[in-house]
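The values are calculated or read from the model by the stated rules, or taken from the named source; none is laboratory data. Everything quoted here is computed from the prediction, not taken from an experiment. Here the Cβ positions follow ideal geometry from the backbone for every residue, glycine too, while neighbour counts run over all protein chains shown. These accessible areas exclude ligands, DNA and RNA; they are computed on the full protein's heavy atoms, side chains included. Shrake-Rupley method; radii C 1.70, N 1.55, O 1.52, S 1.80 Å.
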Amino acid sequence: MCGIVAAVTTGGNVIPDVLHGLRTLEYRGYDSAGIAAPAEDSLHLRRQVGKISALEQELANNALPDTPTAVAHTRWATHGPPATRNAHPHMDDEKKIVLVHNGIIENYAELRADLQERGHQFFSDTDTEVLVNLIAWHQKNGKEELHDAVRAALKEVHGAYAIVVLSAKTPDLLIVARMDSPLVVGLSEEGSFAASDMPALLHLTRDFLVLENGETAVLRPKNVELFNAEGVRIERTAIRCDWTPEQAEKGGYPHFMLKEIEEQPDVLARTAFDRCHDLTGDVHFEKEFGFTDATIQSIQRIRFMAMGTSLHSALLGQQMVAELSAVPGETLNASEFLYSPNLEEGQTLTVILSQSGETADSLRAMREVQKRGGQVLGICNVMGSTLAREADHLILTHCGPEVGVASTKAFFGQLTALYLLAIRFGRAREKLSKEQGQELIHDLRALRPKLDVLFSSEAAERIQKAADFLAQVSSCLFLGRGFHFPLALEGALKLKEISYIHAEGYPAGEMKHGPIALISEDFPVVAIATPGRTYEKMISNMEEVRARAGKVVAIGVAGDQRIANQADYFLAVPEVPELLSPLVNIIPLQQLAYQVALKLGRDIDQPRNLAKSVTVE
Ligand code: M6R
């Protein structure tokens, strides 16, 4: 939530580069945007309500002076509605210091009242304006160095923050700090940079320092100094990001979501193929995975936790791992874990899934597990993210940056990683023979070419017809059983978040226990009905829907006449082993949501009220 980009460089005008980074971060918030730059002992500010294009228009009309230093922000409102006065950057009341912030200052009301008593004035509804005034107060009261003033102010603050601070007096210096909100520092010959994530700076550098909680850094054009929570100078080796700038661009597609849906066959290859060993019928993860056969054997139970789309992967992961390795498991919404009884962790492993690795609810759950003495395996797409750094064990999903707010390829990458995890656990626990492992790996490799048909023009035509129909309804139900129940949840989430059509996912067996009352000519069902142990029962459910005049959009394998006969709209998929069917069936569900949203003219990559990375609880 909220995106930060800042730069302090050796010369020239850095504004185009900063705006480029800000556009990459627009997925984090898009209700207002702003940029500040120093010039001749003062600070210049431009802010606009709306997307970054509105800020660019403002800059076209009312240019900032060329500058080698700038801080910029795109906002997802927490305190106060989208309005120019609430847009970042915020300045202190004497307009000497400027600050951009991601997070929430919990005690801002008390701090604001104190500062008002000391004569400070406020012009916005935000917690951020309180922090910048607090820094200014400390600078005037004994902490002349900006870094010292920032550190003193942060000692008074409770909450989450990633901040960048710039003073008119020291235009070639930025102070950055973080606590529970993501922030990376980019390093190059041309300057030093800060941003909420790495893709925002890939056009400038691929070398990064990731700040830990409580740390601060002093950025100058030619060097960066890092300090721990006690203010002691520390050294850290930079990490090199293997993402390319092109991966963070639309590359000719109308939307990131469409690009990311189409990248899924490559995600399969990148996440899985190098880790699969055909000879041994086993999976070899990198050293960060950190489990031996013996430690895997000692695990008695697995708890999967995540939020949103990642939670749906978690539900599938629980089933896959149980199927191949017979380890019992449960899946919990990470935000609910805090309220669960503090039972002994024993030999329970917790798996936390997160595309971003920065989801506040999931991180909170991870830390709570660790506090209770448990071990966490993180499955994550972003190297250097908080989950990737703090989890005890790690699998990276290698999807490349996911920019569309609606998660697609990250879900696919997570399912791929979970399939590999299930094989590894099955082999280590001797529930799978070498030959069975080889067959599972063979099935996975064979999946990639089979996915092509889902991107054919024939498939697109079928999706379009179903989407034209669904775009006319106001509500619908997604049904699936077994492996397809989490897909029903995910299909419904995709549709509602980008088309704003109300949709719910249900286990098909539950339909007769209530939701069937909704079925009518205007209330359709999307049924996931590919072959497997749930097939016959899904056919019965579809018959029940049609008997009540409900329309059915069905996902079934190509040529399956029984399903086609029950469906008003039939979305054909290739036949694959049941365990892999979620990786196939999810694609038409994503395409359907995309086409419905397109038909309705929705803002597909940045749907209303949502932010890609939910960094507040
Ligand atoms: O980054 P994470 O995977 O932890 O994000 C979790 C959810 O916020 C995310 O999946 C969200 O539900 C997406 N908008 C779904 O498309």
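Structure notes:
- Pair list, Cβ < 6 Å and 6+ apart or interchain, from the stretch 21-34 residues that are over 16 Å from Phe256 (Cα atoms) to residues that are assigned to a loop (DSSP other than H, G, I, E, B) and of a type outside the set (S, T, N, Q): Asp31/Ala77; Asp31/Pro82; Ser32/Pro82; Ser32/Ala87; Gly34/Ala87; Gly34/His88; Gly34/Pro89
- Tally, over the stretch 375-388, of residues that are open to solvent by 10 Å² or more (accessible area, probe 1.4 Å) and either more than 11 Å from the ligand (Cβ to nearest atom) or not in a loop (DSSP other than H, G, I, E, B) (or both): 4
- Qualifying residue in the stretch 339-348 (condition: open to solvent by 10 Å² or more (accessible area, probe 1.4 Å) and either assigned to a strand (DSSP E or B) or within 14 Å of the ligand (Cβ to nearest atom) (or both)): yes
- Matching residues, the stretch 141-156, being closer than 21 Å to Asp172 by Cα, touching a residue at least 12 places away in the same chain (Cβ under 8 Å) and open to solvent by 20 Å² or more (accessible area, probe 1.4 Å): His147, Arg151
- Scan the stretch 389-435 for residues that are of a type in the set (Gly, Ala, Ser), at pLDDT below 95 and more than 10 Å from the ligand (Cβ to nearest atom) and the total you get is 1.
- Which listed residue is within 17 Å of Pro68 (Cα to Cα), buried (at least 21 other Cβ atoms within 10 Å of the Cβ) and of a type in the set (Ser, Thr, Tyr), from Ser167, Ser181, Ser196, Ser188: Ser167
- Test result for Arg445, away from the ligand (no atom under 15 Å from the Cβ) and surrounded by fewer than 24 Cβ atoms within 10 Å (Cβ to Cβ): yes
- Test: residue in the stretch 395-402 that is more than 22 Å from Leu279 (Cβ to Cβ) and in a strand (DSSP E or B): yes
- Residues of the stretch 561-617 that turn out to be open to solvent by less than 30 Å² (accessible area, probe 1.4 Å), assigned to a loop (DSSP other than H, G, I, E, B), more than 14 Å from the ligand (Cβ to nearest atom) and not hydrophobic (A, V, I, L, M, F, W, C), as a count: 1
- The residue list Arg275, Arg301, Arg372, Arg270 contains one member that is away from the ligand (no atom under 16 Å from the Cβ), touching a Gly at 6+ places or on another chain (Cβ under 7 Å), on the phi < 0 side of the Ramachandran plot and in contact (Cβ under 8 Å) with a residue 12 or more places away in the chain, which is Arg301.
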